[in-house]
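**Q** Sending over a structure as structure tokens; questions will come in a sec.
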Amino acid sequence: MPGSGYTYVCKLDALVEGVPRRVEVESVPVSLVLTEQQVFAIHDVCSHSAVSLSEGEVDGCTVECWLHASRFDLRTGHPLDPPATRPVPVYPVRIADGSVYVRATPRTAQ
């Protein structure tokens, strides 16, 4: 996908269902999550306390921050529980030929 604005991050088979994986896309920390037969890319830093979301637990289409238990929707980045009140960016993902590509420009809020 050269020239498309997407960056290769890993092979699809390197992702484990329900286990976040931290990657960098153009120096942006991103947590990749394979869940419910989709790959999501969410900013890897919690908007409440600046800890890594890739160290949290996945439940369906949510990831929980390990420090204060705020959950974020992987589709929108919106917080579902306090103490987080601000969303985190989510990034477009493409799968091609068994490879995962992410664009570092956040998707527009839903």
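The values are calculated or read from the model by the stated rules, or taken from the named source; none is laboratory data. None of the values given here were measured: they were computed from a predicted structure. Note that each Cβ is placed from the backbone with ideal geometry, even for glycine, and that neighbours are counted across all protein chains shown. SASA here: full protein model, heavy atoms, side chains in, ligands and nucleic acids out. Shrake-Rupley method; radii C 1.70, N 1.55, O 1.52, S 1.80 Å.
**Q** Counting only residues that are in contact with a Lys or Arg (Cβ under 9 Å, 6 or more places away or on another chain) and more than 21 Å from V9 (Cα to Cα), which one in the stretch 22-55 is most open to solvent (accessible area, probe 1.4 Å)?
**A** The extreme case among them is H48.
**Q** A follow-up question, please. If you check T105, T76, which single one turns out to be under 13 Å from the mean Cα position of the chain (by Cα), modelled with pLDDT under 95 and of a type in the set (S, T, N, Q)?
**A** T105
**Q** Oh, and also: Which residues, counting only those in the stretch 77-93, are assigned to a loop (DSSP other than H, G, I, E, B) and either open to solvent by less than 40 Å² (accessible area, probe 1.4 Å) or acidic (D, E) (or both)?
**A** Hits for the stretch 77-93 are G77, D81, A84, V88, P92.
**Q** Identify the residue in the stretch 1-13 that is open to solvent by less than 70 Å² (accessible area, probe 1.4 Å) and not in a strand (DSSP E or B) and, among all such residues, is modelled with the highest pLDDT.
**A** Residues of the stretch 1-13 open to solvent by less than 70 Å² (accessible area, probe 1.4 Å): 1, 4-7, 9-10, 12.
Now narrow it down to the ones that are not in a strand (DSSP E or B): 1, 4-5, 12.
Values: M1: 53, S4: 84, G5: 92, L12: 98.
Restricting to residues being open to solvent by less than 70 Å² (accessible area, probe 1.4 Å) and not in a strand (DSSP E or B), the top hit is L12.
**Q** Does the stretch 56-76 include one or more residues that are in contact with a helix residue (DSSP H, G or I) (Cβ under 8 Å, 6 or more places away or on another chain), open to solvent by less than 50 Å² (accessible area, probe 1.4 Å) and aromatic (F, W, Y)?
**A** yes
**Q** Is the stretch 79-86 home to any residue that is β-branched (V, I, T) and touching a helix residue (DSSP H, G or I) at 6+ places or on another chain (Cβ under 7 Å)? Lay out the reasoning, then the answer.
**A** First, the residues of the stretch 79-86 that are β-branched (V, I, T): 85.
Next, from what is left, pick out any that are touching a helix residue (DSSP H, G or I) at 6+ places or on another chain (Cβ under 7 Å): none.
No, the conditions are met nowhere in the stretch 79-86.
**Q** Does the stretch 15-31 contain any residue that is basic (K, R) and within 11 Å of the chain's Cα centre (by Cα)?
**A** yes
**Q** Sticking with this one: Can you tell me which residues in the stretch 28-59 are without any contact (Cβ under 8 Å) to a residue 12 or more places away in the chain and farther than 20 Å from H78 by Cβ?
**A** Q37, the sole residue that qualifies.
**Q** Looking at the stretch 89-98, can you tell me whether even one residue there is touching a Ser or Thr at 6+ places or on another chain (Cβ under 7 Å) and either acidic (D, E) or at pLDDT 95 or above (or both)?
**A** Yes, the stretch 89-98 has at least one match.
**Q** So, in the stretch 1-29, how many residues would count as being touching a Pro at 6+ places or on another chain (Cβ under 9 Å) and of a type in the set (V, I, T)?
**A** So the first thing to find is which residues in the stretch 1-29 are touching a Pro at 6+ places or on another chain (Cβ under 9 Å), and the list is 5-6, 22-23, 28.
From what's left, of a type in the set (V, I, T): 23, 28.
Total satisfying the criteria: 2.
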